Amino acid sequence: MSTLLNFDNVTSYYGATRILKDFSFEMQKGECLCVLGRNGVGKTTLMRTIMGLTDKSTGAIRINGTELTGKAPYQRATYGLGYVPQGRGILSDFTVRENILLGTFARADKAPEIPELCLRIFPYLKENLDRRAGLLSGGQKQQLAIARALAVGPQILLLDEPTEGIQPNIVHEIGEILKMLNKELGISLILTEQHIKVARKLGDSFIMVDNGRVVARGPIEDMTDELVERHMTI
Ligand SMILES: Nc1ncnc2c1ncn2[C@@H]1O[C@H](COP(=O)(O)OP(=O)(O)OP(=O)(O)O)[C@@H](O)[C@H]1O
C-alpha cells in the first residue's frame, strides 16, 4: 500500500476561529477511513478543509504527494476528489442527468458524458434521468449525490454523513454500494458516520475527533466501546 492522502499539522479556520487544530494523519490507497465524533467537533470541517472550502487553512495537505494548499476547490476535484456533502447539495430545479453531469466538469479527461458506472449501480437514476431532482426521495437524492461525485472519476470519495435521515433499508443498500466501490473498484473512502454499526462494517480504520483534534486513530478493530463511550456519547 502507498500513501494517498497526507495531513500534516493542518489548522483550519472559519473567520478567525480555529476549528481543526494541528490535525495530522495519513491514509493509504484503497483504505476506507471513518471519521467519528460528537456533533460539532469538526468532522464536516475536515471534509471542507480537504476540498478547500473553509476560510483559511495552514499546514500541508497532499494527495499522492501533490500539495493541495492554495488550490481552489475545482482544482482539488481534478486531483481525484469526489465530494458528497452533508445535506447532499442536489440542485432541485435541475434534472437527474444535469446533476450528474455537473460532476464531469471536474474530470481529469473532461469527458462530458455520464460514466457508465453511475447508472449501473443506481438503476433508479438510469430510469429517471429526465426527472426533476427535487422530486426524488431522500434516499434517491443521496444516490444522486454519490453518482455526481463518482462522475468526477475520483480516487477518494468524501462522504459526509451518507446515511443521515435515510430509512434503515436504504442505509443498508447505500452501505453495500459503498463497500463495492471500495473493495471491488478500489476507490478510497473517507466517511463521517453517526451509525457506529455502519462504521464498523465498512471501515478499515478510524479517526476519532474531539474539539477539532485527532484523539484516536487506528484500525477499526481498535475502536473499542470504551472509546465510543468516551468521545461519542453526550
Ligand atoms: N460556516 C461556518 N462558520 C463559522 N463556524 C462554523 C461554520 N461551520 C461550522 N462552524 C463551527 O465549526 C465547528 C465544527 O462544525 P462541524 O460542522 O465541522 O462539526 P461536525 O463534527 O461535522 O458536526 P455535525 O455532526 O453536527 O455535522 C462548530 O462549532 C460549528 O459551529
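Numbers at a glance
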{"read-out": "Ranked by how many other beta carbons lie within 10 Å on average, peptides 15-26, 35-46 from highest", "value": "35-46, 15-26"}
{"read-out": "Only Lys, Arg (+1) and Asp, Glu (-1) charged, at Cβ; the range 3-232 dipole about Cα centre in debye", "value": "460"}
{"read-out": "Dipole magnitude (debye, nearest 20) for the range 186-234, charges at Cβ of Lys, Arg, Asp, Glu", "value": "140"}
{"read-out": "Protection-proxy order for peptides 186-197, 126-137, each taking the mean of Cβ atoms within 10 Å per residue, highest first", "value": "186-197, 126-137"}
{"read-out": "Modelled FRET efficiency - R0 25 Å, Asp22 with Glu221, Cβ distances, 0.05 increments", "value": "0.45"}
{"read-out": "Under the Karplus curve 6.51 cos²θ - 1.76 cosθ + 1.60, θ = phi - 60°, whole-Hz ³J(HN,Hα) for the range 77-87, x wherever Gly or Pro sits", "value": "4, 5, 7, x, 10, x, 10, 10, x, 4, x"}
{"read-out": "Nonlocal amide H pairs with Ser24, under 5 Å, H built at 1.01 Å", "value": "Asn9, Val10, Val214"}
{"read-out": "Residue exposure sequence - Phe7, Phe206 - by fewest surrounding Cβ within 10 Å", "value": "Phe7, Phe206"}
{"read-out": "The chain: DSSP helices with Cα axial extent of at least 20 Å and average Kyte-Doolittle hydropathy no lower than 1.6", "value": "none"}
{"read-out": "Mean shadow area of the chain over all directions, Cα convex hull, nm²", "value": "12.3"}
{"read-out": "Restraint check, Lys141/Lys183; Lys29/Lys197; Lys141/Lys201; Lys21/Lys56, Cα-Cα greater than 18 Å", "value": "Lys141/Lys183; Lys29/Lys197; Lys141/Lys201"}
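Just so you know, all these numbers are worked out from the coordinates, no wet-lab data involved. From a predicted model like this one, the values you see are computed outputs, not experimental measurements. When we count neighbours, we look across all protein chains shown, and the Cβ atoms used for this are built from the backbone with ideal geometry, even at glycine.
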